[in-house]
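The values are calculated or read from the model by the stated rules, or taken from the named source; none is laboratory data. These numbers come from a predicted model, not from an experiment. All Cβ positions, even for glycine, are placed from backbone atoms using ideal geometry, and neighbour counts span all protein chains on display. Ligands, DNA and RNA are excluded from the accessible area calculation, which covers all protein heavy atoms including side chains. Shrake-Rupley method; radii C 1.70, N 1.55, O 1.52, S 1.80 Å.
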Amino acid sequence: MTFEALIWQGIQMMLALALAPLLTGLVRKAKARLLRRRGAPLLQPYRDLRRLLGKDVVLADNASWLFRVAPYVIFALTWVAAALVPTFSTGLMFSWSGDLIAIIALLGSVRFLQALAALDIGTSFGGIGSSREMMFASLAEPAMNMLVFTLALVARSTQLSTIANVMFGAGLRVSLALALFGFIIVAIAENARIPVDNPATHLELTMVHEAMVLEYSGRHLAMIEFAAMIKLLLYVSLIGCIFFPFGMAQDEQALLLPRILACGIGLACYAAKLAFAGLALALFETSIAKMRVFRVPDFIGVALMLGLLGTLLLFVSRSL
Amino acid sequence: MGHLPFDIAHMLAGSLVLVSFAMLYQNRLYSLLNMLAVHALVLALSVAWQAYIQHAPHLYITAAIALGFKAIVIPIALKRMVFQMGIHREVETVVGTGLTMLAGIAMVAVSLEVMLPVTSGSDPVAREDIALALSVLLIGLLMMVTRRNAVSQIAGFMSLENGIVLAATGAQGMPLVVEISVAFSILIAFIVIGIFLFRIRERFDTVDDRALDRFRGEH
């Protein structure tokens, strides 16, 4: 029994690793097709990662140990956070640790390390990138916390597995709709997607995330890029498991066969959710222009407002 | 799922509040007018849903009026006006999006705090609907206060009126005559405001209401 639970947990952890580049590839491909370009094949991100892993690292002379360690820690923390989000099944072996606040803390440490590493070399781009990232984060994190409070008021728990189980029967609620929009805004901002930041740009005036990783090369860059892909997958799975928990396998069945069947359905639904999210993101990104850096706080502020509003509605009326 | 009809009604009313916030967030006239059309569309959906769950066929007429006049005719007419006056590229100076949105949250808080205790005896569906409608109304008012451009003040006025219609449909039994006359008076008001806009524009070369203050010698 425990061995089987371990296997399911292992599948969940490996899934985050295996599907993250595919999701990024899907978004890039869909964006290219929408612009009537052919686009790189779906598997291109895997090849990019392999190529980067095989390359030599070019280090600046004044790089400290922090600069060299940071990519691995960033990758590890992001992977742990992504593995904690229930994807195809609730009630896995380590579900008790899959707490929303823990995930926010893990991602916060990732951001902290990334900003430190960017400052370490002492180039001006690293400085501008980390200062902007911190400016956005100082709004996105409270927003995320408010949204988590909204969810916690509905589900009476911050544990993702429990939240997903509650959401099965929660019905339509105004506060949850507000929270969904807030979550989408935070996800866009945190993943450096288009209205906030452009993941494909290297123009000095606009880049935020890219400016921070400009000095990295070789396997360090591979780790950081991989971590960014996993982060995108993490947010998609988070929104999927909280707001659209359809098809997820519920608590452990006693028998092996129904469990496998339920998890199979869960996996198929998860794949469908990922595909839908990837296509929707590509559509959204092609239909909108990037906003000025100083307009971004307003945009993320909206998420904060939505979180506040959702909490407020729940405090005043239990049925909203 | 016996709650589902009520949940959908609340959801539509809630999305109306959400679109009101989206209107507060816009700082370009064209996107503001697009949002106004979306606002009226959500209102039409909400009224149609009320008609369905209350079995009140005359509410469908209200929904059709909302859809026809407010979601299609008025936004298009406003866009044409904006285009003719040549202000379609202007970015409006708003007091500060964050501050305005916070004030909007305060409006929602006030309307929930006021409405829910007052209506505690009545129908549970209508209660939250009316509270949300009052917040739509107050946000519309807030928009009229915080905007300087006359066109966006009209947009605020229209969204305010949408809030009134939402409240009226939530409370059962408003006569059709009243609704139709309200809808037409809004249309008349819109025409009068439109004429005034062009007069203001002719006189002052702008639709910014600070020009009026200067004219009166207040600044």
For chain B, longest principal axis from Cα atoms; helix B:150-170 axis from its Cα atoms; angle between them, nearest 10 degrees, is 10
Under 5 Å from the placed amide H of A:Ser89, counting only residues 5+ away or on other chains, we find A:Ala249
To the nearest 0.05, the calculated FRET efficiency linking A:Phe112 and B:Val177 through their beta-carbon distance, R0 being 51 Å, is 0.20
Partner lysines whose C-alpha sits under 24 Å from that of B:Lys79, ignoring same-chain residues fewer than 8 away, are B:Lys70
Placing +1 on each Lys and Arg Cβ and -1 on each Asp and Glu Cβ in the protein assembly as shown, then taking the dipole about the Cα centre, the residue among A:Ile288, A:Leu113, A:Asn165 whose Cα reaches farthest towards the positive end is A:Ile288
FRET efficiency for A:Ile101 and B:Ile164 from the Cβ-Cβ distance with R0 = 41 Å, rounded to 0.05, comes out at 0.45
Treating only Lys and Arg (+1) and Asp and Glu (-1) as charged, each at its beta carbon, one finds that chain B has a dipole about its Cα centre, in Debye to the nearest 20, of 700
With Cα coordinates, the longest principal axis of chain B makes an angle with the long axis of helix B:74-84, in degrees rounded to 10, of 10
With every protein chain kept in place and a 1.4 Å probe, the residues A:Ser97, B:Ser185 fall, from largest accessible area down, as B:Ser185, A:Ser97
Within the under-14-Å Cβ sphere about B:Ala66, not counting B:Ala66, Lys/Arg +1 and Asp/Glu -1 give a net charge of -1
To the nearest 20 debye, the stretch A:2-316 has a Cα-centred charge dipole, built from +1 on Lys and Arg Cβ and -1 on Asp and Glu Cβ, of 1020
Karplus ³J(HN,Hα) for the stretch B:55-66 (6.51 cos²θ - 1.76 cosθ + 1.60, θ = phi - 60°; Hz, whole; x = Gly/Pro) runs 6, 10, x, 5, 5, 4, 5, 4, 4, 5, 4, 4
Over chain A, the sum of -39500 (n - 2.57) across DSSP H runs of at least four, divided by residue number and rounded to 500 deg cm²/dmol, gives at 222 nm -24000 deg cm²/dmol
Dividing the surface of the Cα convex hull of the protein assembly as shown by four yields a projected area in nm² of 29.3
Partner shielding of A:178-189, taken as the mean number of other chain Cβ atoms within 10 Å, equals 1
Too long for a 29 Å Cα-Cα cut-off, among A:Lys55/A:Lys273; A:Lys55/A:Lys290; A:Lys29/A:Lys273, are A:Lys55/A:Lys273; A:Lys55/A:Lys290
A chain fully extended from B:Arg199 to B:Val110 at 0.36 nm per residue, minus the present Cα-Cα distance, gains in nm 28.3 nm
Diffing the stretch B:131-146: the Karplus 3J(HN,Hα) column from phi (6.51, -1.76, 1.60, θ = phi - 60°), in whole Hz with x for Gly and Pro, holds 4, 5, 5, 5, 6, 4, 4, 5, 5, x, 4, 4, 5, 5, 6, 8
Burial-style ranking of A:299-308, A:241-250, average other-beta-carbon count within 10 Å with highest first, yields A:299-308, A:241-250
Distance in nm between A:Leu153 and B:Ala64 label points, each 7 Å along Cα→Cβ, equals 4.1
By accessible area (1.4 Å), largest first, B:Arg147, A:Arg38 order as A:Arg38, B:Arg147
Rounded to the nearest 100 Å², the accessible area hidden between A and B, summed over both chains at a 1.4 Å probe radius, is 1900
Each residue of B:20-26 has, on average, a number of other protein chain C-beta atoms within 10 Å of its C-beta equal to 2
Between A:Asp56 and B:Ser120, the two model label points (7 Å from Cα along the beta-carbon direction) sit apart by a distance in nm of 7.8
Heavy-atom accessible area of B:His58, protein chains in place, probe 1.4 angstrom, given in Å² to nearest 10, is 60
Rounded to the nearest 10 Å², the 1.4 Å probe accessible area of B:Thr62 is 10
Phi angles of the stretch A:18-30, converted by Karplus (6.51 cos²θ - 1.76 cosθ + 1.60, θ = phi - 60°) into ³J(HN,Hα) in whole Hz with x for Gly and Pro, give 6, 8, 4, x, 5, 4, 4, x, 5, 4, 5, 5, 5
Accessible-area order for A:Glu215, A:Glu190, largest to smallest, probe 1.4 angstrom, reads A:Glu215, A:Glu190
Note: A:Ser217 to A:Thr2 extended length (0.36 nm per residue) minus current alpha-carbon separation gives 73.3 nm
Cα gyration tensor of chain B diagonalised, 5x eigenvalues square-rooted, in angstrom largest first, produces semi-axes 32, 19, 14
One finds the C-alpha centres of the stretch B:23-46 and the stretch A:12-80 to be spaced, in Å, by 39
Measure of exposure for A:Arg33: accessible area at 1.4 Å probe, Å² rounded to 10, is 140
If amide H atoms are modeled at 1.01 Å from N in the peptide plane, then the residues at a separation of 5 or more from A:Asp99, or on another chain, having amide H under 5 Å from its own are A:Leu160
